[in-house]
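The values are calculated or read from the model by the stated rules, or taken from the named source; none is laboratory data. As the structure is a computational prediction, the values presented were derived from the model and not from experiment. Every residue, glycine as well, gets a Cβ built from its backbone with ideal geometry; the counts of neighbours run over all protein chains shown. Side chains are part of the model used for accessible areas, which takes the heavy atoms of the whole protein and leaves out ligands, DNA and RNA. Shrake-Rupley method; radii C 1.70, N 1.55, O 1.52, S 1.80 Å.
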Amino acid sequence: MASDFRAVMGRFASGVTIVSTREAGENYGATASAFTSLSLEPPMVLACLFRGAATEAAIRRSRRFGVSILRDDQQVIAERFASRHPDRFASIDHRHGELGVPLVDGALAHVECHVTETVIGGTHTVFIGTASSAARYEGRPLAYFGGAFGHFLVGDDAAVYKALRAMIVSEALSPGHALSAEELARQLGGEPGSVLAALKRLATEGRVAREPDGTYVVGGLDQRAALDMISACRTIEVGVAELTVGWVEDAELDALDELSSSPCEALPQRAHDGPVRPASGFHERLVALAGNPRLLDHYRELSTAAAYAGPVHAEHPDPEDHRAIVAGYREGDLPTVIAAIDRHARRLREAWQQAAPLPERR
């Protein structure tokens, strides 16, 4: 139950904060995503910290805490305050607020609170605080979802992300292509800030890579991430097959069959000045049989199509897998379809294992 509960709660996207206090001349702070507003009159918030942690104990004694809501480029700070570093504020720019608590510079917002109540909830202490000061600044929030940091996209950000991602997947921007936020903003009719937000999200998907000098290029997915994505896509495809085999019109299968002979776009691709291979779109068309646009969008985020720009040592031409899937659909034979999906996923894993090195563990 515990592992299932953790996985379910990981589907709730949240912001990321540093909850902090100061006691006896020493700063304390910890990363927390369990933070929310509680009341407007009076202004109150709640924050949850692990019982027995140094920051939790210091807040219980000092009866005050600050909250720094992190900006989307402050992931390193979030990771530092989630570590066992003995002096987490060392080398982190910060200031002390009206209550004397340390606040992270460059954050999206700050709140300072007096503790009015504490509640024990299992392994955590819930601090309920009355806000004595609050300030907000410009920027975009750091997000936490599924055990990983990411980025919220809203309004124009989402539109720019969708357009830029389509350019990469369709290979209008080929693997290895350098990306200029200013040039893309002019091309897409958006703001450079929206382009940068889209690039950050695409980097978490493995669609683009950030170079040491801060620039972005198309590609960058490593083997470990690719294998995870292939497994996730296989699960979605099997689920779609279980729902749709025996229920698909001939016209839809004809359209799928037309795409079955092209090379698979999910194979790793060699860096090139132009498009490496035409994207057949077979897998997206397969998932689209479910008639669920949100599922298709999620599948597109997980697909390895146009996600690698390194050297390719070997490829596995495998249109026979695509044709076997279509044949199984025409016969209404679910085991045949699933077997072809599994065989195809195995071929993709083998290709990625040959093409993309595993990243070094740190």
Considering only the range 184-205, how many residues are crowded, with 20+ Cβ neighbours inside 10 Å and not in a helix (DSSP H, G or I)?
1
Matching residues in the range 206-224 - criterion: being open to solvent by less than 50 Å² (accessible area, probe 1.4 Å) and of a type in the set (S, T, N, Q)
GLN223
Can you tell me which of (1) within 16 Å of GLY129 (Cα to Cα); (2) open to solvent by 70 Å² or more (accessible area, probe 1.4 Å); (3) in contact (Cβ under 8 Å) with a residue 24 or more places away in the chain is the one PHE50 doesn't meet?
(1)
Just one listed residue, out of SER83, SER20, SER37, SER33, is touching a strand residue (DSSP E or B) at 6+ places or on another chain (Cβ under 8 Å) and free of Cβ contacts under 8 Å to residues at least 12 places away in the same chain, and it is SER37
State whether one or more residues within the range 97-111 are under 18 Å from GLY66 (Cβ atoms), outside any loop (DSSP other than H, G, I, E, B) and open to solvent by 30 Å² or more (accessible area, probe 1.4 Å).
no
Some residue of the range 150-168 being open to solvent by less than 20 Å² (accessible area, probe 1.4 Å), in a strand (DSSP E or B) and at pLDDT 80 or above
no
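Against the definition (of a type in the set (Asp, Glu), open to solvent by less than 30 Å² (accessible area, probe 1.4 Å) and more than 24 Å from the chain's Cα centre (by Cα)), how does GLU41 come out, yes or no?
Criteria not met by GLU41.
Residue-by-condition table, conditions (1) in a helix (DSSP H, G or I); (2) out of contact with any Ser or Thr (no Cβ under 8 Å at 6 or more places or on another chain):
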site	(1), (2)
ASP213	no, yes
MET229	yes, no
ARG234	yes, yes
VAL238	yes, yes
ALA241	yes, yes
ALA251	yes, yes
ALA266	no, no
Please enumerate the residues belonging to the range 55-72 that are open to solvent by less than 60 Å² (accessible area, probe 1.4 Å) and either among the small types (Gly, Ala, Ser) or within 27 Å of the chain's Cα centre (by Cα) (or both).
ALA57, ALA58, SER62, GLY66, VAL67, SER68, ILE69, LEU70, ASP72
